[in-house]
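The values are calculated or read from the model by the stated rules, or taken from the named source; none is laboratory data. As the structure is a computational prediction, the values presented were derived from the model and not from experiment. Note that each Cβ is placed from the backbone with ideal geometry, even for glycine, and that neighbours are counted across all protein chains shown. Calculation scope for accessible area: heavy atoms of the full protein, side chains included, ligands and nucleic acids excluded. Shrake-Rupley method; radii C 1.70, N 1.55, O 1.52, S 1.80 Å.
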Amino acid sequence: MKNFLDSINRGEKNNFLIPLAYTLGVALPFILVYFLPIYHVTDVFQFSRWGDCLAAGKVYMDCPRKVPNYPSIGILASGGVIAAIKSLLGISEKTEAIYYFRFYLAFVDAVNFLLLTYLARILKFKRPVIIGLSITLVLFIWAAGSLWGQIDNVGLLFCLLATIAFFQSWSETNTLLKNILWFLLGMFSLVLFILTKQLFIFSLPFFALLILTTGYKFQQRYQTKGLIWLGATLLLSLGFFLYLDSLFAVPLRLIQSSFLFVLKSGSGHGDKISGNGFNIWIFLGLEPRASSRVPFMDLQLGSWKKGISPHQAGLLLYAGFMGFLICTGLIKIWQILATKTEAISPKYNPTYLMVLLCLFHGLSYLGFNILLSGTHQRYLYIGYPFILISIIWLYYQDFLVSRRALLASLFAAFAYGCFLYSQVSNAYVTQAQQYLGFQKPPNIPLLPKFFFIFERHQFLGAVHLFLLVFLVDIWQQLSKRQIVLPSSDNWTSIATDKSAYKN
């Protein structure tokens, strides 16, 4: 990839690649929706029922068959959009409304490609559109969005927008007002992100670090005035959250919070070994739908004995994992900020801290997918773009990431994209008969037969367990590497030689 990026940075003869990349990145989701009828019929039909409940004013309280299990923005972004399509276009046929709903998701996928490109621009890639397109293609980032018929891509849109806005609020060339407006956009996007799916609470440590870093930067640059503006923005964002969170009445009247309601009662995936995803617990040899609360081993100390279940062990492992990430991350962030430079050397300025935070976010998602029980097949969708963009940056800057590390990350992402595609295409064959009345399975493109390994949960689990160990090793090397401080006109290293950490 480095040679490819270097080649398109030289000369004018490759300039046609840039508009071509933009065109392909934006058009691809629409092309796929138009030519492929594949989508997860069960999920999208459920959204349609939620839309009917929303139009009748019965969300959460009296919605038939299945109480909606997304917070308020998730309800609006799924069932609300389908209800709006039916109303605006005068459509009563469910499948016709779903057809337009998938084009709405394709539009979201196209925006996500542009946001990835913009994030790559902030990280100082010379050809950010190539980075955005590479991540989109390698990861099949559309497979869990417009092709699946799910709103994970809506969550990714708000997540990327919030991340970009927080990064932009750090600018030392902007006025206080402009940086506050960027921070406000970030906070409002974060509110929309959290209220799209309760699953997205796993991003909260990442955004907490972003907000703390922003507060430190505002205090250093604007002193007390900056903190006052920041506090006012946080209070305004809290009001925005409380308003959106209470849009619909919930059965638990004392809470009046769609987020808390669905967090408590919306999903039972954690009670299973696997919610059709992959984690370390599938290697126990149990049925994926088996209870995760049944002990698989006994812990005994003298006369004391206690059974340990996958659910308990997963929570303990993930808590320890996140404790390690947060502690090392806080120490590293403080070290970078305290030097009053964000660089190991001028070459890395000013994006190194941003890349570390992106890697932190990706590791948070990878860790909970591998360590916790009940993880679903799409749960890694939010974390993967952050893993890839940080690893590509570290590799391209010759910083602790070798070609092996880059290729391992790209292969794991490709395997995950293939897995998602196989899940939705195989499901469509069955669901089209059950829900759409097909007498025989429709003739749709499946994965090539020699890709069968990418459909195996155990293979994906092994690949991602390896990736987790690999990336944690890179993280701990990054966290203990010392800052290079400027000394007059030269830079004096107080770190161990970089080559000692090469993978």
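Within the range 301-310, is there a residue that is assigned to a loop (DSSP other than H, G, I, E, B), touching a residue at least 40 places away in the same chain (Cβ under 8 Å), open to solvent by less than 70 Å² (accessible area, probe 1.4 Å) and within 26 Å of F419 (Cβ to Cβ)? Within the range 301-310, not a single residue is assigned to a loop (DSSP other than H, G, I, E, B), touching a residue at least 40 places away in the same chain (Cβ under 8 Å), open to solvent by less than 70 Å² (accessible area, probe 1.4 Å) and within 26 Å of F419 (Cβ to Cβ).
Of the set (1) in contact with a strand residue (DSSP E or B) (Cβ under 9 Å, 6 or more places away or on another chain); (2) closer than 13 Å to L156 by Cβ; (3) not polar (S, T, N, Q), all apply to H376 but (2). Checking each residue in the range 19-50 for being in a helix (DSSP H, G or I), open to solvent by less than 40 Å² (accessible area, probe 1.4 Å) and farther than 20 Å from I73 by Cα picks out A21, G25, A27, L28, P29, L32, V33, V41.
Here is a yes/no grid of residues against (1) among the acidic types (D, E); (2) outside any helix (DSSP H, G or I); (3) out of contact with any Cys (no Cβ under 9 Å at 6 or more places or on another chain); (4) under 18 Å from F241 (Cα atoms):
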site: S171; (1), (2), (3), (4): no, yes, yes, no
site: N174; (1), (2), (3), (4): no, yes, yes, no
site: L177; (1), (2), (3), (4): no, no, yes, no
site: L181; (1), (2), (3), (4): no, no, yes, yes
site: M187; (1), (2), (3), (4): no, no, yes, yes
site: L192; (1), (2), (3), (4): no, no, yes, yes
site: L209; (1), (2), (3), (4): no, no, yes, no
site: K217; (1), (2), (3), (4): no, no, yes, no
site: I228; (1), (2), (3), (4): no, no, yes, no
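Note on the range 109-135: residues that are over 13 Å from I18 (Cα atoms) and open to solvent by less than 10 Å² (accessible area, probe 1.4 Å) total 9. As a summary of the residue check, Q439 satisfies the conditions (1) part of a helix (DSSP H, G or I); (2) modelled with pLDDT under 95 except for the one numbered (1).
Restricting attention to the range 390-406, does a residue exist that is part of a loop (DSSP other than H, G, I, E, B) and either among the β-branched types (V, I, T) or under 20 Å from the mean Cα position of the chain (by Cα) (or both)? Scanning the range 390-406 turns up at least one residue that is part of a loop (DSSP other than H, G, I, E, B) and either among the β-branched types (V, I, T) or under 20 Å from the mean Cα position of the chain (by Cα) (or both).
Scanning the range 179-211 for residues being farther than 21 Å from R378 by Cβ, touching a helix residue (DSSP H, G or I) at 6+ places or on another chain (Cβ under 8 Å) and aliphatic (A, V, I, L, M) gives a total of 8. Mind listing whichever residues of the range 415-443 are of a type in the set (S, T, N, Q) and either in contact (Cβ under 8 Å) with a residue 24 or more places away in the chain or surrounded by fewer than 12 Cβ atoms within 10 Å (Cβ to Cβ) (or both)? Within the range 415-443, S422, Q423, S425, N426, Q431, Q434, Q439, N443 meet the criteria. Any residue at all in the range 78-98 that's touching a Leu at 6+ places or on another chain (Cβ under 8 Å) and open to solvent by less than 10 Å² (accessible area, probe 1.4 Å)? Checked the range 78-98: at least one residue is touching a Leu at 6+ places or on another chain (Cβ under 8 Å) and open to solvent by less than 10 Å² (accessible area, probe 1.4 Å).
Of the residues that sit in the range 173-211 and are free of Cβ contacts under 8 Å to residues at least 24 places away in the same chain and of a type outside the set (D, E, K, R), which one is most open to solvent (accessible area, probe 1.4 Å)? Of everything passing the filter in the range 173-211, T173 is most open to solvent (accessible area, probe 1.4 Å). In the range 151-165, which residues are over 21 Å from V355 (Cβ atoms) and small (G, A, S)? Of everything in the range 151-165, just one residue is over 21 Å from V355 (Cβ atoms) and small (G, A, S), namely G155. Any chance the range 256-271 includes a residue that's in contact with a Pro (Cβ under 9 Å, 6 or more places away or on another chain), within 29 Å of Y416 (Cα to Cα), at pLDDT below 85 and crowded, with 16+ Cβ neighbours inside 10 Å? Yes: one or more hits.
Would you confirm whether any residue within the range 51-65 is open to solvent by less than 20 Å² (accessible area, probe 1.4 Å), within 22 Å of G145 (Cα to Cα) and under 25 Å from the mean Cα position of the chain (by Cα)? Checked against the condition, which is being open to solvent by less than 20 Å² (accessible area, probe 1.4 Å), within 22 Å of G145 (Cα to Cα) and under 25 Å from the mean Cα position of the chain (by Cα), the range 51-65 yields no hits at all. Filtered by the rule that a residue be in a helix (DSSP H, G or I) and open to solvent by 20 Å² or more (accessible area, probe 1.4 Å), the range 444-462 gives K449, F450, F451, F452, I453, E455, H457, Q458, F459, A462.
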